[in-house]
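Below is one structure; the comments refer to it alone.
The values are calculated or read from the model by the stated rules, or taken from the named source; none is laboratory data. Note that this is a predicted model, so its numbers are computed, not measured. Note that each Cβ is placed from the backbone with ideal geometry, even for glycine, and that neighbours are counted across all protein chains shown.
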There are 2 protein chains.
Amino acid sequence: MNHNSQVEKSLAALLKPESIAIAGASADRGKIGSLPLQFLKKHSFSGRVYPINPNAEEIEGWKCYSSVSDVPDPIDLLVIAVSASRIPDILNDCREGQVKSALILSSGFAETGKAGAERQQQLLALAGAKGIRFVGPNSVGVVNLWSAVVPAISQVFDQTGLKPGPVAFVTQSGALGTAITAIAHEEGIGIGYFVSTGNEADLDFSDFCQFFIDDPAVTIISGYVEGIRDGAKFKQTARRAIAAGKPIVLMKVGKTDVGHDAVRSHTGALAGSDEIYEAVFKENGVVRAESIEELMDVLKIFSCYPAHSAGPGRSGRKAAVFSHSGGAGVLMADQCVKEGLELPSPSTDLREKLGQRLPSYASLQNPVDMTANVVFLPDVMCGSAYDAVRSGEYDAVMLCVNLIWRQGDALAEQLLAERRQTDGMLGVVWIAGPKEPIRKLNRQGVPVFSDPVRCVKAVAAKLKWEQSRARILETVPAELHVEAGTASKAVPDGFAAQEALLRKYGIPLAPAQLARNWEEAKEAAGRLAYPIALKLIAPGLLHKSDIGGVAVGIASEAELRQAYERLTAIQLNGIQAEGILVQQMIEDGTELFAGVKRDPVFGPVTVLGLGGIYVEILKESLIRPSPISEKQAMEMIRSARFYPLLDGARGRQKCDVPALARLLSRLSVLSVAEPVQSIDLNPIMMLPDSAIVVDYKFMFDSGRGE
Amino acid sequence: MNHNSQVEKSLAALLKPESIAIAGASADRGKIGSLPLQFLKKHSFSGRVYPINPNAEEIEGWKCYSSVSDVPDPIDLLVIAVSASRIPDILNDCREGQVKSALILSSGFAETGKAGAERQQQLLALAGAKGIRFVGPNSVGVVNLWSAVVPAISQVFDQTGLKPGPVAFVTQSGALGTAITAIAHEEGIGIGYFVSTGNEADLDFSDFCQFFIDDPAVTIISGYVEGIRDGAKFKQTARRAIAAGKPIVLMKVGKTDVGHDAVRSHTGALAGSDEIYEAVFKENGVVRAESIEELMDVLKIFSCYPAHSAGPGRSGRKAAVFSHSGGAGVLMADQCVKEGLELPSPSTDLREKLGQRLPSYASLQNPVDMTANVVFLPDVMCGSAYDAVRSGEYDAVMLCVNLIWRQGDALAEQLLAERRQTDGMLGVVWIAGPKEPIRKLNRQGVPVFSDPVRCVKAVAAKLKWEQSRARILETVPAELHVEAGTASKAVPDGFAAQEALLRKYGIPLAPAQLARNWEEAKEAAGRLAYPIALKLIAPGLLHKSDIGGVAVGIASEAELRQAYERLTAIQLNGIQAEGILVQQMIEDGTELFAGVKRDPVFGPVTVLGLGGIYVEILKESLIRPSPISEKQAMEMIRSARFYPLLDGARGRQKCDVPALARLLSRLSVLSVAEPVQSIDLNPIMMLPDSAIVVDYKFMFDSGRGE
C-alpha cells in the first residue's frame, strides 16, 4: 500500500528541499530567526535560500526579501520563525501554489492551553485552505544531513562533522530529541534525518515514518513518542516497515499512571493506555527502548547489522560469549539466560579450531574463558570470536575485553578486517576501552558496548526483532466472518439483544432462559435440570451479586421457589427488572475472564486473564489488538503464565484450549464489526470439552451497563 | 565486635606498608616483576623499597638485594612475583618475624586445576608456619592510593592522576576489577583502596571489608564477588558495616544456573545458591548492582552523599523531578513509580517560591516542567531545584537538563555553590552534557548521571539502603529458645524421633497417631473422629502418594478397614514399614509450604511459599537466613505476593497469620540449633484460628529421606 501521494509530495519538499525561505529571518545572531540561516551556512547547504526580512538587505550572505510573495521562485520549504500572532499574515501572503511545505518553529499554540489550541485550529484551517502541509508548530526543526538541510534551532546543529547515517529520528520532544541526537553522534551512530514534530497540528509521527520507509538512505526508523494521534495509521505504518525490513525503534514515555498524567498535562493530548501501546508495539514488531541508553544500544546494533529487506535474518537464540576475564564471561552468561538466549557448547570442530589459538587451560565451554594470557594478543581474541561467527553454529557471538589500551588500535583493525568478510553478528564489549578505536568500530559496522549487560540486551533485541518479523510476515490476518450489512447500528440494548449478539458471533453461553414469571422459571429449571442458578436481570444493573441478585446451587423446586421470591422482591430504585435468568450451573472448571474494549487511539482490543481470587495475585492480563485469528489466540493463550493450569499441570484436567481460542477470536471479530464499547465475559468456565461463558457485561464508556 | 587482631595487624602492614620488598623484581620493563617497581616510582611511594634480585645492582633507582633474608630491616609487605614453584624457597628464606604480610601475584594454583590446588594448600601451610598472612595467589595487586602504595600489575595503575577517594574496592576478578577502577576514575568516582583478592587461599573478601569498616578514609565498601568463602564471617561483616554507616555495594555474578556453572568451572570454588546470596544481601543491607554501570551509579551517589555514622539518614520515598523538557520529566516520573518513589505535589509555600523563578506557564506539579525558556538561565534551573531541596518536603530531588553546552560551567558553579550550603540530596541528569563540568560536579559532591533512568535508580537505591539500615538497626534478633545441651547429636532417625523433634520446637502438627496394627488404627480413628487420612510410614519413603501410600477422606470404620488393608499390602522392596499414620483430616484451608535447608556457604535458611498448583505459576518462594524472630517472620509473610490470599481478599476467610509467623520462627530456630540438613513442611493448612502442618519430610543432602 502506498502513502497518500499529496502528503508524499509535501514530505519530499519538506525533507529534500532545493529552496528554503525563512519568515522571521533575523540578522541578530542571538535571535531564534537567525539560527536556521547560521546552520544552513555552516553546513554549506547548496540549494536556494530566501531570508524574509523587510529591514535587511542580506543575512549570512543571502539576499533578503520583504515578504514571501516577494520571492520570485517557487519555495519547497517555508520555515516560519515569527511570533504566533503573525503567522496568519505570512500564510495569507503566500501566492497560490508557491509554497510546497512549511516548518513552523513558533510556539504559543496547543502546548500553552485552550486559547493556544484554538489558535492552532485556525492555523490548520488556513494552511489547509492554502494547500500547505506543515510540521509543527512548536518544532525545533527538520534536518536532512545527507543534503545539509538544517533549518533548526537546537545547538546540536551548531556543529559540523555530524556524519549522516542510516537512522531517521522522529521526536515528539524537541529537547529530548536533540539530546538523543547529540549522544548518537558521540557514540558513532549515524543519524541522517532528524524531525521534531512539535504539536503535530498537521503532519504527524506516522507520516514521517511512512516517508522514511520509502527512502533508501534510511534502514532504521527511530523516535521518541508521547502519544500517537492516529492508531490505525500507526499500525499500518509499522506493518509496512516490517515488510520493508526497516525496524522501528521507539522510546515511549507515560508508562505509569503518574507518567501518563504528566504527558497529558504536558502535551494536552489524549494519551491511550500504555498497556495497549505495549500490545500494539509487540504485535507489530516495534522495538521499545526503556531508556535513552537502551535506545542507543539498539540503534547501534541495527546500524551495524541492518535487516535484509528480502526477508527475515537469523532469528535463533543461540549465542556464544568470549572473554579474557572469567568474571565478565559469567556476567554475560547470566544476562544471556535472563534474555532467553541459549549458550550451547562449541562443536568438536570449533573446539579444535579454538584449541589451536588458545592456551591449553582456556575453558572451551560457553562462555569461553580465553584467560588473561591472551590480553596482549589481539589476533587471538579476534580470531577466536570470528571462528565462532564463521562456524555458523551461533546466531550471535559476543566478545568481551577490558582496557586493552596499548593494543587498542591493533584490536580494532583486526576486528574490522574480519567484519569486512562476513555479516555474521559479533557484538563487542569493551570495558573502559580507548575512545577512538571504539568510535571507528561503531561507524564501520562492529558495534561496541561499554557494559556487558547492555551488549547482551542489544543483541537479544535484534534477534527478537528478527523473530517477530518472521512471525508477522507469516501471520494470516484474522478473517472477519461477518456478512456485509449485518452489523448492528447501535449498542445492543437489553438482555435479549445482548444475548443475541453474542450468539450471532458463536460465543458459547451457559444454557439459560429469561423467565418473566414463576411459571416460566419453573418450566425452564425443569428443562435445564437442577442444580440451577438464578440471576436478576435489569437495565443498568452491573453488579448483580452486590445487591443479592444471584442465587446459586439451587437443587430443587422448593429451593427455586424460595430464591425466585427473594430475587423478585429486590428493590431497584424504580427500575423495572427484565426478568430472572434461569441458568444451568457450570461448575468445577478453571475460571477465566475475557473481554474487549475500545482504546481511544488504537480501537478495539481483546483481553484474557485468570479469574477468581488469583487475578489479584498474578496480576496478569494479556492484551492483543483486535481482530485475532484462532491461531493468534492460541499463541496468546500459550504465552500466559497461567497456561499450565489449562494444560493439565500437576494432574489437573486438561481444558479445551482450542475452544477458548475460538471464543477469543470470535469475540475479537465482534469487537471490530460491532459498535460496542466494551464487553466482559466473566467467568468463562474452562472444561475438558468446552469453554462456556457463565456471565457477561456490556459497558458504555461512562461505566453505565446495559 | 572487633576483628581478630592478628589479621588486623597483617592487614595494616599489607595496606599501609612503610617498607615493601619485591621478590622476582625485574629490570626488564616488559616483565611482570618490573611493573610494581615502575608503578611505585611513578606514584612516588615514599616508604622503603627492596627489590630482590641477585643479578642486579639496582632497579628503578632502588638498591637490589639477593634474597629476602639479605634485607637488613623488617618488611611490612613482601610482594611475590616469581613462578609458583619458586615460592616455597622464598618463604623459607624469610627470617622469623621479618615479613609482616605478603602479596602473591604469581598464578598457577587452584585456578589451574587439581595439582595447582594442592600447591596452594602447601603454600598456605608454609606461610602459616612462618606466621605470614597473605593475599593471593593469582592477585593483580593491592593498592592504597592515599599513600601511593601501588604494588600491582594492571595497566590501570600505569597512570598518575588517579585521585583517591572514599571507595574501597575489593575484587575477586583482577581483570574486571581493574576495568571497573578505570571507569570509576573516568567518571570522577574516587577509589582509595583497590584489592584483588586472587584465589583467597588465606585472607579473604570479608577480611578486607572488616579492615575498611575501621578505616576512617573509607565511607563506601564495594566489590566484585563470585563466591563468598565464609558465610558467617560475611554476615557479621555486613552487620558491622551497617552499624558503622558504611554501605557495602557489590556486584555478584552467577545469578543463573549457566552463570553458576561457569563460576564453578572458572574458580573451582563452591558457590552457594544465588537466591540465598540474594536473601543474605537483603537481610544484611548489602546493595547489589546488576551491571557495571549500575555499580558506578550507586557508588557515585554514595560518594556524594555519605551515610551518617551516627544513625540512619532520610529514608522516605518522596521525590521531586525538575526538567526543562516535558518528555524527560515524564520519563523520570515513570521510573520513579517503578522504583516505588512517590511524587507528591509541592506545598503552597514551595509553589510560591517556584512561581517567582519560573515562567507563568511552567507546570508546578511534580514532575515540574520548567519549560524550554529556562534553558539559558542556569540560576533559574539550579535555584528551583534547590528550593525544593531546602523545603525539606522531599527525600530526594532530581534535576534533568539536556545539552547546556555554552553555559555548562555556569550551571556547574551554581550547583556547587548551593551544594556547599546543604547536604540535602540532589541528583542531576545531564543528557549529552559537557565532560569537564560534569566530572567536577561528581568529584565535589553533586552526582551527575548521563541517563534519566539511571539517576532515578541510583537515588532509589540510596533511599532504600537508608530504609534497610533503619530496619536492621531496629531489629531485635531472634532468640534461640533452646535449653543448652538439649540439641540432638544426630539427625533424628525414624518417624517418632522426627515427630518428637518438631513437637519439641512447638511446630503444630495435625492430630495423628502411628498405628502398628489394625486394632491401634481403629482405636486411633475413633478417638480422632472421622473423616480420617491414612499414610504409610517407612524409612526412606519420601513420596508416599506416588506408590499409593495415602488414603484420604475416610468417613467410616468400613472405609478405614479397606484403606488399612490396601496400605499394609504395599510392597516396599524389602524395607520394613514403621506403621500406618492415622491422621485427622484438615480441610478447606489455604495450602502453604515452609521449610529449612542448609546452604554450604551461609548455613541454614528458612523458606516459605504457596502450595498446590499455583506454586508453579506464581514461582514465588521467600527465603530468609535462619533464625528469624516472629516479627521478622510477619514481615516475610506480608512481603509475599500471595499474602492477600491469607488476609481475606475477595471475601475469603482471614487466616491465622500470627500462628504461621510463630511456626516459621520456631522452625528457623530449630534449623540453627539442630543438625538437620533440611525439613519440608508441606502442606501447611492455613485456617482462621491456626496453622497446622499436615505432612513433612526430613532430608539428607543426597535427597534420601529419613
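Looking at A:G526, A:G579, A:G549, A:G540, which one is out of contact with any Phe, Trp or Tyr (no Cβ under 9 Å at 6 or more places or on another chain) and on the phi > 0 side of the Ramachandran plot?
A:G540
Before we move on, is A:V446 surrounded by 15 or more Cβ atoms within 10 Å (Cβ to Cβ), within 14 Å of chain B (Cβ to nearest Cβ) and among the aliphatic types (A, V, I, L, M)?
no
Since B:W146 meets every condition but one in (1) modelled with pLDDT of 95 or more; (2) farther than 24 Å from B:F449 by Cβ; (3) touching a helix residue (DSSP H, G or I) at 6+ places or on another chain (Cβ under 8 Å), which condition does it not meet?
(3)
With respect to A:V401, determine if the residue is closer than 26 Å to B:A289 by Cβ and either surrounded by fewer than 21 Cβ atoms within 10 Å (Cβ to Cβ) or in contact with a Phe, Trp or Tyr (Cβ under 6 Å, 6 or more places away or on another chain) (or both).
yes
Is it the case that some residue within the stretch A:652-659 is in contact with a strand residue (DSSP E or B) (Cβ under 9 Å, 6 or more places away or on another chain), surrounded by fewer than 15 Cβ atoms within 10 Å (Cβ to Cβ), among the basic types (K, R) and in a loop (DSSP other than H, G, I, E, B)?
yes
From B:V446, B:V389, grab the single residue that is of a type in the set (A, V, I, L, M), touching a residue at least 60 places away in the same chain (Cβ under 8 Å) and farther than 19 Å from B:L331 by Cβ.
Going through B:V446, B:V389 in turn, just one is of a type in the set (A, V, I, L, M), touching a residue at least 60 places away in the same chain (Cβ under 8 Å) and farther than 19 Å from B:L331 by Cβ: B:V446.
Only one of A:L608, A:L592, A:L681 is among the aliphatic types (A, V, I, L, M) and either without any contact (Cβ under 8 Å) to a residue 12 or more places away in the chain or within 14 Å of chain B (Cβ to nearest Cβ) (or both); which?
The unique qualifying residue is A:L592.
Which condition from (1) crowded, with 23+ Cβ neighbours inside 10 Å; (2) of a type outside the set (D, E, K, R); (3) in a helix (DSSP H, G or I) is the one that A:I189 breaks?
For A:I189, the failing item is (3).
Here are some conditions: (1) modelled with pLDDT of 95 or more; (2) among the hydroxyl-bearing types (S, T, Y); (3) not in a strand (DSSP E or B). B:T160 meets all but one. Which one does it not meet?
(1)
Being within 27 Å of the chain's Cα centre (by Cα) and more than 14 Å from chain A (Cβ to nearest Cβ) narrows it down to one residue among B:A417, B:A396, B:A410, B:A458; which is it?
B:A396
Would you tally the residues in the stretch B:90-132 being within 31 Å of the chain's Cα centre (by Cα) and of a type in the set (V, I, T)?
So the count comes out to 3.
Only one residue in B:P17, B:P36, B:P88 is under 23 Å from B:T197 (Cα atoms), assigned by TED's automatic domain parsing to the domain that holds B:A244, at pLDDT 95 or above and out of contact with any strand residue (DSSP E or B) (no Cβ under 7 Å at 6 or more places or on another chain), so which one is that?
Of the residues listed, the single one that is under 23 Å from B:T197 (Cα atoms), assigned by TED's automatic domain parsing to the domain that holds B:A244, at pLDDT 95 or above and out of contact with any strand residue (DSSP E or B) (no Cβ under 7 Å at 6 or more places or on another chain) is B:P88.
For A:G595, only one of the following conditions fails: (1) surrounded by fewer than 19 Cβ atoms within 10 Å (Cβ to Cβ); (2) touching an Asp or Glu at 6+ places or on another chain (Cβ under 7 Å); (3) among the small types (G, A, S). What is its number?
The failed condition is (1).
Report the residue count in the stretch B:159-191 for those that are of a type in the set (G, A, S) and within 7 Å of another protein chain (Cβ to nearest Cβ).
Count: 4.
Given the criterion in contact (Cβ under 8 Å) with a residue 60 or more places away in the chain and of a type in the set (V, I, T), identify the matching residue among B:V330, B:V337, B:V380, B:V401.
Result of the check over B:V330, B:V337, B:V380, B:V401: B:V401.
I need the full set of residues from the stretch A:417-435 which are within 23 Å of B:I183 (Cβ to Cβ) and free of Cβ contacts under 8 Å to residues at least 12 places away in the same chain, in order please.
Scanning the stretch A:417-435 gives a single hit, A:K435.
Residues A:L664, A:L610, A:L687: which one is buried (at least 22 other Cβ atoms within 10 Å of the Cβ), over 22 Å from the mean Cα position of the chain (by Cα), at pLDDT 90 or above and outside the structural domain of A:K544 (by TED's automatic domain parsing)?
Being buried (at least 22 other Cβ atoms within 10 Å of the Cβ), over 22 Å from the mean Cα position of the chain (by Cα), at pLDDT 90 or above and outside the structural domain of A:K544 (by TED's automatic domain parsing) holds for just one of A:L664, A:L610, A:L687, which is A:L664.
For the stretch A:211-222, enumerate the residues that are in a helix (DSSP H, G or I) and either surrounded by 24 or more Cβ atoms within 10 Å (Cβ to Cβ) or within 14 Å of another protein chain (Cβ to nearest Cβ) (or both).
Passing the criteria: A:F211, A:F212.
Can you name the condition, by its number, that B:R598 falls short on among (1) in contact with a Lys or Arg (Cβ under 7 Å, 6 or more places away or on another chain); (2) not assigned by TED's automatic domain parsing to the domain that holds B:S545?
(1)
Do we have A:V135 as more than 14 Å from every other protein chain (Cβ to nearest Cβ) and within 11 Å of A:V195 (Cβ to Cβ) here?
In short, yes.
If I ask for residues that are crowded, with 23+ Cβ neighbours inside 10 Å, under 23 Å from B:P74 (Cα atoms) and at pLDDT 95 or above, which ones from the stretch B:107-138 would you list?
The answer is B:L123, B:F134, B:V135, B:P137.
Do you know which residues across the stretch A:314-347 are part of a loop (DSSP other than H, G, I, E, B), buried (at least 24 other Cβ atoms within 10 Å of the Cβ) and more than 9 Å from chain B (Cβ to nearest Cβ)?
If the condition is that a residue be part of a loop (DSSP other than H, G, I, E, B), buried (at least 24 other Cβ atoms within 10 Å of the Cβ) and more than 9 Å from chain B (Cβ to nearest Cβ), then A:L341 is the only one that fits.
What's the number of the only condition in (1) away from chain A (no Cβ under 14 Å); (2) part of a loop (DSSP other than H, G, I, E, B); (3) not hydrophobic (A, V, I, L, M, F, W, C) that B:G433 fails to meet?
Evaluating B:G433 over (1) away from chain A (no Cβ under 14 Å); (2) part of a loop (DSSP other than H, G, I, E, B); (3) not hydrophobic (A, V, I, L, M, F, W, C) leaves (1) as the failure.
May I ask you to verify whether A:P216 is closer than 21 Å to A:L103 by Cα and over 16 Å from the mean Cα position of the chain (by Cα)?
no
Considering the stretch B:180-224 alone, what residues qualify as being farther than 17 Å from B:Q159 by Cβ and small (G, A, S)?
Scanning the stretch B:180-224 gives B:S196, B:G198, B:A201, B:S206, B:A217, B:S222, B:G223.
State the number of residues belonging to the stretch A:223-232 that are crowded, with 18+ Cβ neighbours inside 10 Å, outside any loop (DSSP other than H, G, I, E, B) and more than 14 Å from chain B (Cβ to nearest Cβ).
Of the residues in the stretch A:223-232, 1 are crowded, with 18+ Cβ neighbours inside 10 Å, outside any loop (DSSP other than H, G, I, E, B) and more than 14 Å from chain B (Cβ to nearest Cβ).
Give the residues of the stretch B:368-393 that are buried (at least 18 other Cβ atoms within 10 Å of the Cβ), under 19 Å from B:L415 (Cβ atoms) and within 14 Å of chain A (Cβ to nearest Cβ), sorted by residue number.
B:V368, B:M370, B:V374, B:V375, B:M381
Do you know which residues across the stretch A:579-592 are assigned to a loop (DSSP other than H, G, I, E, B) and in contact with an Asp or Glu (Cβ under 9 Å, 6 or more places away or on another chain)?
Result: no residue meets the conditions.
Checking the structure you have, find out if any residue of the stretch A:650-657 is of a type in the set (D, E, K, R) and under 25 Å from the mean Cα position of the chain (by Cα).
no
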